[in-house]
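J.: Pasting a structure here, questions to come.
The values are calculated or read from the model by the stated rules, or taken from the named source; none is laboratory data. These numbers come from a predicted model, not from an experiment. All Cβ positions, glycine included, derive from the backbone under ideal geometry; neighbour counts span all protein chains shown.
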Amino acid sequence: MRPVAAFRESDTPLPYLAFSRSEWAALRANVPLSLSEDEIAGLRGRNEPVSLADITEIYLPLSRLLNLYVMASRSLNSMVESAFLGCPSISVPFVIGIAGSVGVGKSTFARLLQAVLSRWPDHPRVDLVTTDGFLLPTRVLEERDLMQRKGFPESYDLRRMIGFLAALKAGERHLDVPFYSHDAYDIVPDRFQTVDRPDILIFEGLNVLQTGSDRSAVASDFFDFSIYLDAATADIESWYVERFLLLQRTAFRKPTSYFHHYADLPRDKAEEMARQIWGRINLPNLQANILPTRERARLVVRKERSHAVGEVRLRHI
C-alpha cells in the first residue's frame, strides 16, 4: 500500500491509497469464498474472463470493505435518529454507484459484486439497477436527434432517475424502474423492475458520477459509496470490438435484434463498423463525460489488458 496523488493535475489533488493486486488480496482476511465455479460462469460477461482467483483476490476484500461501510452507516443513522432526533430509525438502502466506459465490464463487475455482497448475513437483499432503464425511449431520442448520442447525459430521463433515487433514500417501497431491452435497443412499455427497499442497491451506469451544470440534484448525491472501473482507453476499445464481433455471431442474428442488419457483414467490415461506432459515439462520451468523473469515486479499480484487476485505489478523504 502506498499513498498517491490524484490521477491528473488539479488545484486540490485528492490523495489515494494504492494497492497492488496482492496487497489488496491480503485484505480479504477471513471472508469465506461463497461462489462456485458454476455460479461465476453464469455471472461473467460474454467476453470477460473471471476466475475464482478474481473472486478471492478482488471481490471478497471489496465485499469486506463495503460491509464495514454498511454497518458504520447503519450505526451512525441509528445514533443520530434515536439520540439526537428522539425517534426510531428507518432503515434505508445503502447505495453503491458504479461508473465506467462502455465495454469496460461494468455489468459483469456489478453482478459479481451483487453476488458476493448478498452472501453476507448483515445485508442479504442486494438489488442491481442499471441506468439503461432511464434512457429516453427510441421514439423520443429520434425526435430530439439524439440516437447518435445514446449514452450521453442528455439521452437519459434525468428527472425520473433522480426521482427514483430520492424516493429510495426516503425509504419508499415498491419503486418501479423501466425495463430496457438490449435486443430491441429500447425501453419496453409497461414492463418494470420493482425495487422494494433492499439492504443494498448497486446503481450502475456510464455517467452516474457526473456533476450537474447547475444546482440541481445529481445521481451521486444519493450514493454512500462509489466505484469507478478503469482501464487504458486502447484496451477498452479492443474489448468493445471483440464484444461487437461476438454479438454479431450470436445476438445480432435474431430477427428481433435492433442490430440484425449487421449480422451478415464480413468480419473485416464488422470490425470496421465497430471501430466507427466506438470513435463516433463511445470514445467522445468517455473523454467528455465519463473519464473526468474518475477521481470523484471513492474506489478506482484498474483493469489490465487481460481483464484482470491489477491495481485498486482507495480515496481516504
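J.: What number of residues within the stretch 142-177 are more than 27 Å from Pro198 (Cβ to Cβ), without any contact (Cβ under 8 Å) to a residue 12 or more places away in the chain and more than 19 Å from the chain's Cα centre (by Cα)?
T.: So the count comes out to 6.
J.: Restricting to the stretch 3-28, what's the tally of residues that are at pLDDT below 90 and either surrounded by 10 or more Cβ atoms within 10 Å (Cβ to Cβ) or within 22 Å of the chain's Cα centre (by Cα) (or both)?
T.: Of the residues in the stretch 3-28, 9 are at pLDDT below 90 and either surrounded by 10 or more Cβ atoms within 10 Å (Cβ to Cβ) or within 22 Å of the chain's Cα centre (by Cα) (or both).
J.: If I ask for residues that are within 18 Å of the chain's Cα centre (by Cα) and assigned to a helix (DSSP H, G or I), which ones from the stretch 114-141 would you list?
T.: Gln114, Ala115, Val116, Leu117, Thr131, Asp132, Gly133, Phe134
Here's the yes/no breakdown for (1) surrounded by fewer than 20 Cβ atoms within 10 Å (Cβ to Cβ); (2) among the β-branched types (Val, Ile, Thr); (3) at pLDDT 95 or above; (4) within 19 Å of Thr211 (Cβ to Cβ):
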position	(1), (2), (3), (4)
Ile96	no, yes, yes, yes
Gly103	no, no, yes, no
Thr131	no, yes, yes, yes
Leu146	yes, no, yes, no
Glu154	yes, no, yes, yes
Ala167	yes, no, yes, no
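J.: Let me ask something else about it. Residues being touching a strand residue (DSSP E or B) at 6+ places or on another chain (Cβ under 9 Å), in a helix (DSSP H, G or I), touching a residue at least 40 places away in the same chain (Cβ under 8 Å) and surrounded by fewer than 17 Cβ atoms within 10 Å (Cβ to Cβ): count how many of those fall in the stretch 244-287.
T.: Qualifying residue count, the stretch 244-287: 0.
J.: Could you please give the count of residues in the stretch 293-306 that are under 16 Å from the mean Cα position of the chain (by Cα) and outside any strand (DSSP E or B)?
T.: Total meeting the criteria: 6.
J.: To continue, here is another question. Please go through (1) in contact (Cβ under 8 Å) with a residue 60 or more places away in the chain; (2) within 25 Å of Asn207 (Cβ to Cβ) for Tyr59 and return the number of the only condition it doesn't satisfy.
T.: (1)
J.: Determine the pairs where a residue that is within 12 Å of Leu112 (Cβ to Cβ), located within the stretch 26-49, has a partner that is in a loop (DSSP other than H, G, I, E, B) and of a type in the set (Gly, Ala, Ser) with Cβ atoms under 7 Å apart, the partner being 6 or more residues away or on another chain.
T.: Once the first residue is within 12 Å of Leu112 (Cβ to Cβ) and sits in the stretch 26-49, its partners that are in a loop (DSSP other than H, G, I, E, B) and of a type in the set (Gly, Ala, Ser) give Gly45/Gly105; Glu48/Gly105.
J.: Give Asp224, Asp235, Asp230, Asp186 a once-over and let me know the one that is surrounded by 15 or more Cβ atoms within 10 Å (Cβ to Cβ), within 20 Å of Asn67 (Cα to Cα) and of a type in the set (D, E, K, R).
T.: On inspection, the qualifying residue turns out to be Asp224.
J.: Looking at the stretch 199-220, is at least one residue crowded, with 16+ Cβ neighbours inside 10 Å, out of contact with any strand residue (DSSP E or B) (no Cβ under 9 Å at 6 or more places or on another chain), part of a loop (DSSP other than H, G, I, E, B) and of a type in the set (Ser, Thr, Tyr)?
T.: The answer is no, given that none of the residues of the stretch 199-220 is crowded, with 16+ Cβ neighbours inside 10 Å, out of contact with any strand residue (DSSP E or B) (no Cβ under 9 Å at 6 or more places or on another chain), part of a loop (DSSP other than H, G, I, E, B) and of a type in the set (Ser, Thr, Tyr).
J.: Please indicate, with yes or no, whether at least one residue in the stretch 84-100 is without any contact (Cβ under 8 Å) to a residue 40 or more places away in the chain and part of a helix (DSSP H, G or I).
T.: Yes, because at least one residue in the stretch 84-100 is without any contact (Cβ under 8 Å) to a residue 40 or more places away in the chain and part of a helix (DSSP H, G or I).
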